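Single-structure report; data block below.
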Amino acid sequence: MLTCDTRDTWSQFLEYVKKRCSFTAFENWLAPIKVLDSSAEGIRLEVPNIFVKAYLIDNYKKDLCAFLPVNAEGEPVIEFIIADQGQQKPLRAPIVRTVSAPAEEVAEYKLKLNPSYRFDNFIEGPSNQFVKSAAMGIASHPSRSYNPLFIHGGVGLGKTHLLHAIGHHVKEHNKKLRIHCITTEAFINDLVDSLRNKSVSRMKRFYRSLDILLVDDIQFLQNRLNFEEEFCNTFESLINQNKQIVIASDKPPGQLKLSERIVARMEWGLVAHVGMPDLETRVAIIQHKADLKELKIHNNVAFFIAEHIYSNVRQLEGAINRLTAHCRLLGQDVTEELVEETLSELFQTAPKRRVSVENILKSVATVFEVRVSELKGTSRTKEVALARQVAMYLSKEMIRESLVMIGASFGKTHSTILHACKTIENKIKKDEFLRRQIALCRRNLE
Ligand code: ADP
Ligand code: MG
């Protein structure tokens, strides 16, 4: 029997976790878990798949122990039931390598991965956190979670990066597994060559002997009827042997003009979307790429670039490359003027009017539900003081003025502004809600 008490314990655990993880992570991983039964001895949970179980244990074991009964080994007592997966294939034991291909074939299809497309180079934010976790889960436990993993999203948002990151991870941690990464174009070209050389069976043998197949840009299979069938056969043969497949595409499966059979197969596993990173993530990407080039960019300038290039990470990278070249050639520092000069044609909108302290105060007042006059005044109530510090923080981030000047607009010294900024920076590391409120202010100002 599920008693009120034990159900409460689980919801308390959820409440606790909710404050500590992102909204996306919560919705994707924790919200789908159902309590089936629970008693003073333990709890029985229904999870959609084994991946969610692993996620829960990997990330929250300590917290689970705090909320749930614990056994003699100090493990939380949880019985996991994997939900009925409908038409989804049952999960099987880890892959065992069964077929080994002749050495020459391995050499012929050498795994080519971009050396910088690795997980540790992939900057995470709300738009790609889920897909990154899914990719990492698959890289560490191939064939034991979702199969296939289908990644879709617009151009230049990191799909290929993630495919290669899986490749690197598997190559480094699981050397025995036979993995191959290929674009759909290359697959078709291989097939054409094999047909010409009458070596189709050799190619088939190669693909069917893989443990993990990473396929990029599946949209190129559209309108290639003759090849679709061969691809579909390879795909099914691997899936039937419980070999891991990951596919990247610019559209979700349902929007691809491919046969129903293959679309249905692609929808079997996990379909994950990668979106355009939000402003903060774009700034983090700019700073990361600039670091790699040993280029120093002030945060204000990074924001300025991120505000104007917002639909494609590849363009952000292009911007950094161009800036680096200019700065090196001219021996200049990266200033906003230089950015405007060198990047204006990459900008998706004309540089915006400068934000003023007055605008920031209005925006903060609206979001934090206080009055502008209170922000300007001396009230020390908790709400007003926090909102005031946010306004100072945003002013420092968004207005390209010295701290002394910003301080003067608030009737404060530059050290008060600095203190406010540090306080807010620390708070947003832990407080997702505050982070979102600030993002909202920023968006209103943009
Ligand atoms: P897609 O395959 O979706 O068109 P790519 O994977 O080729 O995009 O990514 C384009 C460029 O942007 C690559 O150089 C990649 O490293 C970079 N990139 C994309 N997303 C991120 C991210 N989240 N963090 C770091 N770099 C990224
Ligand atoms: Mg790509």
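The values are calculated or read from the model by the stated rules, or taken from the named source; none is laboratory data. This one's a predicted model, so the numbers in the text were calculated from it and none came from an experiment. Cβ atoms come from the backbone with ideal geometry, glycine included; neighbour counts cover every protein chain shown. The area values use the complete protein model at the heavy-atom level, side chains included, leaving out ligands, DNA and RNA. Shrake-Rupley method; radii C 1.70, N 1.55, O 1.52, S 1.80 Å.
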In region 132-145, the residues that are surrounded by fewer than 24 Cβ atoms within 10 Å (Cβ to Cβ) and within 16 Å of ligand 2 (Cβ to nearest atom): Lys132
Subset of region 214-243 (residues that are within 19 Å of Ser259 (Cβ to Cβ) and open to solvent by less than 10 Å² (accessible area, probe 1.4 Å)): Val215, Ile218, Leu221, Phe231, Cys232, Thr234, Phe235, Leu238, Ile239
Hey, Ala186 closer than 30 Å to Arg144 by Cβ, among the small types (Gly, Ala, Ser) and modelled with pLDDT of 95 or more or not: no
Selected residue (criterion: modelled with the lowest pLDDT) from residues of region 330-369 that are among the basic types (Lys, Arg) and open to solvent by 90 Å² or more (accessible area, probe 1.4 Å): Arg353
Among (1) surrounded by fewer than 19 Cβ atoms within 10 Å (Cβ to Cβ); (2) of a type outside the set (Ser, Thr, Tyr); (3) under 20 Å from the mean Cα position of the chain (by Cα); (4) within 16 Å of ligand 2 (Cβ to nearest atom), the one test that Val313 misses: (1)
Sole residue being assigned to a helix (DSSP H, G or I), without any contact (Cβ under 8 Å) to a residue 24 or more places away in the chain and under 30 Å from Ser127 (Cα atoms), chosen from Ala408, Ala439, Ala420, Ala387: Ala387
Yes/no for Ile188 being within 16 Å of ligand 1 (Cβ to nearest atom), among the aliphatic types (A, V, I, L, M) and surrounded by 16 or more Cβ atoms within 10 Å (Cβ to Cβ): no
Residue in region 131-145 that is in a strand (DSSP E or B), in contact (Cβ under 8 Å) with a residue 40 or more places away in the chain and closer than 22 Å to Asn114 by Cβ present: no
Filtered residues of region 146-167 (kept if within 8 Å of ligand 1 (Cβ to nearest atom), open to solvent by less than 10 Å² (accessible area, probe 1.4 Å) and in contact with a Gly (Cβ under 7 Å, 6 or more places away or on another chain)): Gly153
Filter result (of a type in the set (Val, Ile, Thr) and either over 19 Å from Asp217 (Cα atoms) or assigned to a loop (DSSP other than H, G, I, E, B) (or both)) within region 240-287: Val274, Thr281, Val283, Ile285, Ile286
Selected residue (only one of Glu336, Glu307, Glu397, Glu401 is closer than 27 Å to Leu418 by Cα and touching an Asp or Glu at 6+ places or on another chain (Cβ under 7 Å)): Glu307
